[in-house]
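Undergrad: Please read through the structure below; I'll follow up with questions.
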Amino acid sequence: MNKGKFITIEGSEGAGKSTNIHFIQNYLNKKNIEFISTREPGGTPVAEKIRDLLLDKANTSLCDDAELLLMFAARSQHLNELIIPALEAGKWVLSDRFTDASFAYQGGGRGLSWEKIAQLEQWVQGSLRPDATILLDIPVDIGMQRVRERGETDRFEQEQLSFFNRIREAYLKLANDNPERFHVIDTQPSIEDVHKQLSVVMEKLTVQV
């Protein structure tokens, strides 16, 4: 049995992840590719409890290192309980965020050492990396306007614009440094145009299936 492909979807707030993940799910269904969809932090009962801690606005005293370690604690559980078994069973895994988000949010946004994050990545994941990462990119001011229009915000979404500008810069650096894995999608245009961009990427990823 062939090992499944591991596809991650990245992007900061307001980039349109939910809508575009739904499009990708439909695309895979039409191709009769068996897959699971999941998210980070979260994806398993234990990891979802950690997610609640991380997003709770009441946890204002959570320090940056604790935030990073909680992210990787959730990721370790996610990998061992859900992602790795699915890949080994030949299923594709579509994950709403993964370790690139830690480099972007805790590395870029919080200013933590990228070397420290890379050490945790190696410890928790070993050699496992996504087969492809789709980065949904949008200017911060437009993305955060979308967030505000949605209503109530979580602990991360309440940060200043400068925090999200650093996140976007970090994501674009990751994409520039890993061109063989990253596919950058501009989500400013119409949804039809965004889906055309996604279709091109998905065709490349599924052509050998």
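Undergrad: Taking Cα pairs under 8 Å and at least six residues apart, what relative contact order does the stretch 124-195 come out at, in percent? Numbers along the way, then the final one.
TA: On the way: 44 pairs, mean separation 36.9, N = 72.
Averaging sequence separation for qualifying contacts and normalising by length gives 51 percent for the stretch 124-195.
Undergrad: Output the pairs from Lys5/Lys49; Lys3/Lys30; Lys91/Lys116; Lys57/Lys116 with a Cα-Cα distance over 24 Å in this structure; if there are none, say none. Don't jump to the answer; show the numbers that get you there.
TA: Numbers: Lys5/Lys49 27 Å; Lys3/Lys30 20 Å; Lys91/Lys116 31 Å; Lys57/Lys116 26 Å.
Going by Cα-Cα distance, Lys5/Lys49; Lys91/Lys116; Lys57/Lys116 fall outside the 24 Å limit.
Undergrad: Skipping prolines and chain starts, which residues have an amide H placed within reach, meaning under 5 Å, of the one on Phe182, given they are 5 or more residues away or on another chain?
TA: HN-HN under 5 Å from Phe182: Thr133.
Undergrad: To the nearest Å, what is the center-to-center distance of the stretch 152-170 and the stretch 45-96, using C-alpha atoms only?
TA: With the stretch 152-170 and the stretch 45-96 each reduced to a Cα centre, they are spaced 19 Å.
Undergrad: In the chain, which longest range has no GluC sites (Glu not before Pro) that are both DSSP loop (not H, G, I, E or B) and surrounded by at most 14 other Cβ atoms within 10 Å? Intermediate results must be reported in sequence, preceding the final value.
TA: On the way: sites that count: Glu34, Glu152, Glu180.
Counting only loop sites that pass the neighbour cut-off, the longest clear stretch is 35-151.
Undergrad: Calculate the dipole size of the chain relative to its Cα centre from +1 charges on Lys and Arg beta carbons and -1 charges on Asp and Glu beta carbons; express the result in debye to the nearest 20.
TA: On the way: 25 positive and 31 negative charges, 88 e Å.
The calculated dipole for the chain is roughly 420 debye.
All of the numbers you see were taken from the coordinates with simple rules; none came from a lab. Since the model is a prediction, treat every value here as computed from it, not as a measurement. Positions of Cβ are backbone-derived with ideal geometry, glycine not excepted, and every protein chain shown enters the neighbour counts.
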